[in-house]
Amino acid sequence: MELILTKRMKIKDAHTLKVYQKHQGYQALKKALGMKPEEIIEHVKRAKLNGRGGAGFPAGTKWGFVPRVSDKPKYLCVNADESEPGTFKDRAIMELDPHLLIEGIIITCYAIGIHQAYIYIRGEFVFPAQRVQGAVDEAYQAGLLGRDILKSGFDLELTLHIGAGAYICGEETALLESLEGRPGKPRLKPPFPATVGLFQGPTLVNNVETLANVPAIVEHGGQWFADLGTSENGGTKLYALSGHVNKPGLYELPMGTPLRVLIEIHGGGILDGRELKAVIPGGSSTPVLTAADIDVNLDFKSLLKVGSLLGSAGVIVIAEPTCMVWVLSKLTGFYAHESCGQCTPCREGTGWVNKIVRRIEAGQGQSDDLDLLEHICANMTGTAICPLAEACAMPVTSIIRKFRSEFEEHIKQRRCPYTSDARADQK
């Protein structure tokens, strides 16, 4: 299988410019600078590169929303605020092959006519930030950034901005607010960032993994990339596999790889020979799948058909006898903590849901708690400015509906019915 994003990651010092260039690094940039910008955009559209940040929106279409001519400066903002629990793909790119990201940024900016780009990286990513800044410095010294890049006449300034560590800043407009120096709280849309974004200028916001695919698309062509994936989702995909598997890690596989293949073949099966209980397929905000649901392909459309989402492709495997009430209490605690508080349904809903789930988990649940939780989640869905409220509601409703008996036993027995050994293993 053709590797795009991980092919250099195991090479010593792959994060350096010297090693990157030794292994064909920046060759795609040289080719791109000899192409017309609209040719590059057309290749990205033909590649069927869907955004890798979670929503899966076609990247080429999103690029096309940015006006070609503008009386205000245009910007590219790279979303490196990878904070979805269970997800660690962007971090690997920034730590192990940061020049791949930078090359993708330069090509993207050239294609859209952008001369100022920002990488917004989450505050906890100290080491990845050091790696990225080191690569940016090397690129400037080599004439790959700044004025007249590779004597092409194209100028680009690239700045690394370190956030304060807020999950909400993974939402593109909250990211822009934070980058402008204000609290990271989402904006009302419309207007959309493509027309009114950073500093009121047209702005493209793309995920790290999305941009890291651009050099390969330019080098080999959009059709080549499209043929690596499914009919609707081109390329390979980084799957972050964690939880109760024998070989957790980051796997680059064709888009649409079966979930069962990822777990049993690449992940080496369930830890300690235990039985599979559940899988969260796309990061903590996506609806849970049961063991009976894993014969599904890991792409946007296939997972949607079975009631879940690919999201960030953070695949979390949960084995027996893990308590799903305990799992849910950890998830709701995260979302209650990370709500920015701007919207009432999210501010009040996430905290209320977390209190009820923790009460059930502690053996103090009430008979109408489950219906109340579903009622609260229904009122959190589609009622807030950004998707954070829904990110909390989706795992709550899916886990309750698929593992309702466990919640009922907690309420009935006034305690967790699992053994102390099983609970110790979870912690």
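The values are calculated or read from the model by the stated rules, or taken from the named source; none is laboratory data. Since we're looking at a predicted model, the values are computed, not measured. Because the Cβ atoms are built from the backbone with ideal geometry, glycine has one as well, and the counts that use them run over all protein chains shown.
For segment 344-360, the tally of residues that are without any contact (Cβ under 8 Å) to a residue 12 or more places away in the chain and aromatic (Phe, Trp, Tyr) stands at 0.
Any residue at all in segment 216-227 that's within 30 Å of residue 118 (Cα to Cα) and of a type in the set (Asp, Glu)?
Yes - at least one qualifying residue is present in segment 216-227.
Please verify whether segment 42-58 includes one or more residues that are more than 26 Å from residue 309 (Cβ to Cβ), among the aromatic types (Phe, Trp, Tyr) and in the same structural domain as residue 109 (by TED's automatic domain parsing). Checking segment 42-58: not a single residue is more than 26 Å from residue 309 (Cβ to Cβ), among the aromatic types (Phe, Trp, Tyr) and in the same structural domain as residue 109 (by TED's automatic domain parsing). For first residues located in segment 379-405 and farther than 30 Å from residue 191 by Cα, partners that are surrounded by 24 or more Cβ atoms within 10 Å (Cβ to Cβ) and among the aromatic types (Phe, Trp, Tyr) and lie 6+ apart or on another chain with Cβ distances below 8 Å do not occur. Of all residues in segment 172-181, exactly one satisfies the criterion of being part of a helix (DSSP H, G or I) and free of Cβ contacts under 8 Å to residues at least 24 places away in the same chain, namely 177.
Each residue in segment 178-228 was checked for being farther than 28 Å from residue 39 by Cα and surrounded by 18 or more Cβ atoms within 10 Å (Cβ to Cβ), and 6 pass. When 12, 7 are checked against the criterion of being surrounded by 16 or more Cβ atoms within 10 Å (Cβ to Cβ), without any contact (Cβ under 8 Å) to a residue 60 or more places away in the chain, more than 30 Å from residue 196 (Cβ to Cβ) and not assigned by TED's automatic domain parsing to the domain that holds residue 169, 7 stands alone in meeting it. Of all residues being touching a residue at least 40 places away in the same chain (Cβ under 8 Å) and among the small types (Gly, Ala, Ser) in segment 240-274, which is farthest from residue 212 (Cα to Cα)? Just the residue, please. Per the criteria, the residue is 243. Segment 10-56 holds helices (runs of 4 or more DSSP H) entirely within its bounds, and those carrying 1 or more residues that are under 23 Å from residue 249 (Cβ atoms) map to 17-22. Each residue in segment 131-170 was checked for being within 27 Å of the chain's Cα centre (by Cα) and more than 20 Å from residue 25 (Cα to Cα), and 12 of them qualify.
Among residues of segment 361-377 that are in a loop (DSSP other than H, G, I, E, B), those with a Cβ under 7 angstrom from a residue that is among the charged types (D, E, K, R), sequence gap 6+ or separate chain, pair up as 363/414; 363/415; 365/359. Screening residue 203 against (1) over 15 Å from the mean Cα position of the chain (by Cα); (2) closer than 18 Å to residue 50 by Cβ; (3) outside the structural domain of residue 315 (by TED's automatic domain parsing) leaves a single unmet condition, (2).
Within the set 87, 108, the sole residue that is closer than 25 Å to residue 64 by Cα, of a type outside the set (Lys, Arg), touching a strand residue (DSSP E or B) at 6+ places or on another chain (Cβ under 8 Å) and surrounded by 23 or more Cβ atoms within 10 Å (Cβ to Cβ) turns out to be 108.
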